[in-house]
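Below you'll find the structure, written out as structure tokens, and then a few comments.
Since every read-out is calculated from the coordinates, none of them should be taken as a lab result. Keep in mind that this is a model prediction, so the values were computed, not measured. Here the Cβ positions follow ideal geometry from the backbone for every residue, glycine too, while neighbour counts run over all protein chains shown.
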Protein chains: 2
Amino acid sequence: MPVILEISTSLDGFVAGPNVSVDNPMGDGGERIHDWLFGAKTMADSAIIADLLDHLGAVILGRRTFDLGEGPWGDDPPFPVPCFVLTRRPRPPVVKKGTTIAFVDRGIEAALDLAKQAAGDKNVLIMGGANVARQYIKAQLLDEIHIHLAHQLLGGGDRLFEDAGALRLHKVRVVESTAVTHLKFRVLNGSSE
Amino acid sequence: MPVILEISTSLDGFVAGPNVSVDNPMGDGGERIHDWLFGAKTMADSAIIADLLDHLGAVILGRRTFDLGEGPWGDDPPFPVPCFVLTRRPRPPVVKKGTTIAFVDRGIEAALDLAKQAAGDKNVLIMGGANVARQYIKAQLLDEIHIHLAHQLLGGGDRLFEDAGALRLHKVRVVESTAVTHLKFRVLNGSSE
């Protein structure tokens with residue numbers, strides 16, 4: 001049950017642009033770093049997504065990411081597996097299309113334990129946002145980091161890496177595509193090693 | 001005479017680590033982002049360097065980068081072409097191995113004019129450091145950006161991109177290698193367009 005951070009970033013290191021709000025969920029310009037999932041999607045991108053879904057067992061995301069997504073996703077959440085939302089404001093689970101979205105207020109390790117149980121031998125995916133990603137990076141609980149690097153400059157917003165100097169990475173794979181370069185790294189000092 | 005920023009960065013966006021000094025010219029851990037030029041150099045890396053040198057007409061660098069390099073380089077500066085050092089403290093030109101290193105105190109555009117004249121139809125290379133690179137990015141004077149992206153996390157240091165949101169890039173080429181991924185971008189709103 002590898003724990004994988006899977007996230008799109010701009011070339012200047014942001015996972016969302018400035019001025020994120022419910023009306024602007026990816027921040028100013030932030031939708032451009034997700035073009036590879038939509039208008040600019042290539043066969044290489046589709047293969048990356050198919051591979052992700054094939055091995056997906058559970059998802060962990062932050063409360064802000066959930067709150068921003070809840071409206072747009074409607075009854076069709078993006079991942080068809082159990083989801084765990086890190087929050088300080090618990091609420092009852094949400095059940096949608098066979099997926100249960102549970103709210104965890106006991107911290108990142110408790111959420112990871114729950115997600116690992118739910119995932120069985122499949123992957124636990126850390127979806128973000130930046131704050132949740134940074135917490136798992138800092139705690140060295142990740143086994144892999146998959147960065148979808150868009151050649152866009154946002155100039156500001158939520159930065160993925162802050163004080164991440166302790167992590168040592170092995171580059172596993174680079175896949176070039178139109179709107180992004182997919183970079184797959186194994187964490188050499190991650191939770192499993 | 002395209003103007004090219006050519007620079008190695010860590011995955012978290014730093015071109016040098018924390019605590020840069022004459023005794024620690026690349027900052028803590030900073031030498032790891034240049035491994036591709038030394039111990040980890042592959043044939044792909046050598047081809048990138050050969051291509052760079054083939055088309056090189058002149059180099060612009062910052063005074064801090066020059067001062068940090070002057071000792072280690074000794075009588076063998078890294079580029080065999082006219083170099084222009086941006087500085088607020090002018091000094092007489094340095095002549096070494098047929099190369100002239102001139103000191104320019106009239107700003108980035110004046111230095112670029114001089115470098116373009118010296119380069120003829122060859123490339124002007126902006127070598128860095130981060131401060132000089134950021135000035136040319138902000139002024140939109142670049143035609144290309146070549147980033148040698150090391151899969152190293154430094155956790156702090158000199159960041160390449162700050163407030164760089166105005167730049168629009170086209171991805172020209174990705175070359176994978178052992179210690180870095182070479183990313184070549186054309187600036188769509190650069191000096192020549």
Helix-only mean residue ellipticity at 222 nm for chain B, each DSSP H run of n ≥ 4 adding -39500 (n - 2.57), per residue, nearest 500:
-7000 deg cm²/dmol
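So which chymotrypsin sites (Phe, Trp or Tyr not before Pro) in segment A:1-90 end up in coil per DSSP with only 15 or fewer other C-beta atoms within 10 Å?
Numbers: sites: A:F14, A:W36, A:F38, A:F66, A:W73, A:F84; in loops: A:F38.
Qualifying residues, ordered by number: A:F38.
Using a simple charge model, +1 on the beta-carbon of Lys and Arg, -1 on the beta-carbon of Asp and Glu, nothing else, what dipole does chain A show about its Cα centre, in debye to the nearest 20? Mind showing how you got there, number by number?
Details: 20 positive and 24 negative charges, 80 e Å.
Here chain A has a charge dipole of around 380 debye.
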At a Förster distance of 22 Å, what's the computed FRET efficiency of A:I49 paired with A:T99, Cβ-Cβ distance as r, to 0.05?
0.80
Neighbours of B:I147 by Cβ distance under 10 Å: Lys/Arg at +1, Asp/Glu at -1, summed charge 0
If you take the C-alpha gyration tensor of segment A:94-193, multiply each eigenvalue by 5 and take the square root, what semi-axes do you get, largest first, in whole Å?
24, 18, 16
Rounded to two decimals, the Rg over Rh value of the protein assembly as shown from Cα coordinates and the Kirkwood Rh reads 1.02
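Above 27 angstrom, tally the Cα pairs of segment B:3-187 and express them as a % of all pairs, no decimals.
Numbers: 3795 of 17020 pairs.
Taking all Cα-Cα pairs of segment B:3-187, the fraction more than 27 Å apart is 22 percent.
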What are the aspartates and glutamates whose alpha-carbon lies under 16 Å from the alpha-carbon of A:K97, with same-chain residues fewer than 8 places away excluded?
A:E70, A:D75, A:D76
Can you pull the three principal axis extents for the Cα set of segment A:61-153, in Å, largest first?
34, 30, 28
Averaged over A:15-24, how many beta carbons belonging to a partner chain fall within 10 Å of each residue's beta carbon?
0
Label point distance in nm, B:N19-A:E109, each placed 7 Å from Cα along Cα→Cβ
2.9
